Amino acid sequence: MQFIKIILTTFLATLLICVFLFLWDAYRLPAYTHPGKNKNVKCPPQPKFGPGGRNYRFQEVKSYKFGQKENGYWIFIPKGADLNSLPIILLVHGGSLCRLKYPEHQPHEDFIAHLVKKGNIVIYPVYLQGFINPLPTKYVSNVALATKKALLKIKEFAPNNNLSRFAIIGYSIGGAIATHLPGIKNIPLPQSLILVEPTEGFPFFNVPFASLNKLPDKAILTAIFGSDDKLVSPIRTTRKIASLGAKLKNKYFFEIQSDFYGDPPLVANHLGFLGSYANSKAFQIDTIDYEYQKIIDASLNCGFFSKDCDIIKKGSPELLTAGTWSDGTPIKPIKKIEISR
């Protein structure tokens, strides 16, 4: 009996070490991933115009929190806007230990501000309080319930908003959660579904992707991956998502490419989408963030207004440019992933 306990303890300890090393390799901070090759060469500021640009319609963001713990949610609105005419975006975050320490929306704070200043209402469900509180079996139902409550609350703010412009963005395991939401009663069908570094999670601790054939025929389905994301295989995940939305005509897949030419380097790993994080030097807003924002903004604009569609549909190099380093060297552009029909 004692021998069996020793074997089990050794196995569990080895498993935990392997999981820790895997997560460390997948999530290690951009500041330590790879040194920049040229110390005096810097990446450009945010573009002035266009998708991902700083041509904002509004300058201030107001936030409101409702509910408690994993049943809570945030609503973000642009100050001074007529809310009756604005699109609504549901943002489903990923699940991570970092949420035990920081406020609920902190990992996506800059991205939320970007969406709101562009002229959108953002719903941000809390849905969990820690890595295992609750377990993934509750994620979808928690997000769905919070979304329904948030939509009712928005109708109080904006009674004439008919919810006809609605989109869902899901990051990491939030991407898998997002695939379950189309077709749920009292949640509008999205005109754009955007999956950022989407993953189902780990064996026995996951949310499997759901069929996407409930999406409207004209819906925009976009998935974005990082070239150095160790948790997600772009090609394998692209094929799976494409098969789950087999009837959809508008499916587009992109890879944000790391570039180590300048310093600090541009690292497209699983955390590249988070931007700044509690003023940490390891999570700074840089060109990687603007690249994600460019594809996301274009997907939203195409779904809502039939605008900027060429960026995602044609995906030519000149449309997917990421600008230049300070010495004029082109930054590696966004790459469109083509799938075999």
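The values are calculated or read from the model by the stated rules, or taken from the named source; none is laboratory data. Computed from a predicted structure; not experimentally measured. Virtual Cβ from ideal backbone geometry, glycine too; neighbours counted across all protein chains shown.
Results for (1) of a type in the set (F, W, Y); (2) outside any loop (DSSP other than H, G, I, E, B); (3) more than 18 Å from the chain's Cα centre (by Cα), shown as yes or no for each residue.
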| site | (1), (2), (3) |
| --- | --- |
| Q293 | no, yes, no |
| I296 | no, yes, no |
| F304 | yes, yes, yes |
| A322 | no, no, yes |
| S326 | no, no, yes |
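If I filter the stretch 64-95 down to residues being free of Cβ contacts under 8 Å to residues at least 40 places away in the same chain and under 19 Å from L128 (Cβ atoms), which single residue comes out as surrounded by the most Cβ atoms within 10 Å (Cβ to Cβ)?
Step by step, filter the stretch 64-95, then rank; the result is K65.
Give, as residue ranges, the strands (runs of 3 or more DSSP E) completely inside the stretch 51-117 that count at least 1 residues that are modelled with pLDDT of 90 or more and in contact with a Ser or Thr (Cβ under 9 Å, 6 or more places away or on another chain).
Output list reads 73-78, 88-92.
Across the stretch 198-214, what is the total count of residues that are over 17 Å from the mean Cα position of the chain (by Cα) and aliphatic (A, V, I, L, M)?
Within the stretch 198-214, residues that are over 17 Å from the mean Cα position of the chain (by Cα) and aliphatic (A, V, I, L, M) number 2.
From the residues in the stretch 151-172 that are in contact with a His (Cβ under 9 Å, 6 or more places away or on another chain) and not aromatic (F, W, Y), which one is modelled with the highest pLDDT? Break it down into steps so the answer makes sense when it comes.
Step one: filter the stretch 151-172 for residues in contact with a His (Cβ under 9 Å, 6 or more places away or on another chain), giving 170-172.
From the residues that got through so far, the ones that are not aromatic (F, W, Y) too are 170, 172.
On the way: G170: 97, S172: 93.
Among them, the one singled out is G170.
If only one of K240, K218, K230 is closer than 20 Å to V92 by Cβ and of a type in the set (K, R), which one is it?
Working: K218 fails: closer than 20 Å to V92 by Cβ; K230 fails: closer than 20 Å to V92 by Cβ.
Every option except K240 fails the conditions.
Evaluate the following for E338: is it buried (at least 22 other Cβ atoms within 10 Å of the Cβ), out of contact with any helix residue (DSSP H, G or I) (no Cβ under 6 Å at 6 or more places or on another chain), more than 13 Å from N250 (Cβ to Cβ) and of a type outside the set (A, V, I, L, M)? It would help to see each step written out before you state the result.
Details: buried (at least 22 other Cβ atoms within 10 Å of the Cβ): no; out of contact with any helix residue (DSSP H, G or I) (no Cβ under 6 Å at 6 or more places or on another chain): yes; more than 13 Å from N250 (Cβ to Cβ): yes; of a type outside the set (A, V, I, L, M): yes.
So E338 fails the test.
Just give me the residues in the stretch 188-201 being hydrophobic (A, V, I, L, M, F, W, C) and free of Cβ contacts under 8 Å to residues at least 60 places away in the same chain, in sequence order. Spell out how you get there, then give the answer.
Going through the stretch 188-201, the residues hydrophobic (A, V, I, L, M, F, W, C) turn out to be 189, 193-196.
L189, L193, L195, listed by residue number.
Within the stretch 185-211, take every residue that is at pLDDT 95 or above and of a type in the set (A, V, I, L, M, F, W, C) and give me the one that is nearest to D259 (Cα to Cα).
The qualifying residue nearest to D259 (Cα to Cα) is V196.
Every residue in the stretch 151-177 that is surrounded by fewer than 16 Cβ atoms within 10 Å (Cβ to Cβ), part of a helix (DSSP H, G or I) and free of Cβ contacts under 8 Å to residues at least 60 places away in the same chain, please.
Listed by number, the residues that qualify are L152, K155, E156.
Among residues belonging to the stretch 45-63 that are aromatic (F, W, Y) and in contact (Cβ under 8 Å) with a residue 40 or more places away in the chain, point out the one that is farthest from K155 (Cα to Cα). Walk me through it before giving the result.
Here is the first cut: in the stretch 45-63, the residues aromatic (F, W, Y) are 49, 56, 58.
Adding the requirement that they be in contact (Cβ under 8 Å) with a residue 40 or more places away in the chain leaves 56, 58.
On the way: Y56: 24, F58: 21 Å.
Here the residue is Y56.
Any idea which residue in the stretch 253-270 is surrounded by the fewest Cβ atoms within 10 Å (Cβ to Cβ), counting only those that are outside any strand (DSSP E or B) and not polar (S, T, N, Q)?
The residue in question is D263.
Tell me which residues, restricted to the stretch 178-201, are surrounded by 21 or more Cβ atoms within 10 Å (Cβ to Cβ) and on the phi > 0 side of the Ramachandran plot.
Matches in the stretch 178-201: E197 only.
Yes/no matrix, rows are residues, columns are (1) at pLDDT 90 or above; (2) part of a loop (DSSP other than H, G, I, E, B); (3) within 22 Å of E338 (Cα to Cα):
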{"position": "K240", "(1), (2), (3)": "yes, no, yes"}
{"position": "S243", "(1), (2), (3)": "yes, no, yes"}
{"position": "K249", "(1), (2), (3)": "yes, yes, yes"}
{"position": "Y277", "(1), (2), (3)": "no, yes, no"}
{"position": "D289", "(1), (2), (3)": "yes, no, no"}
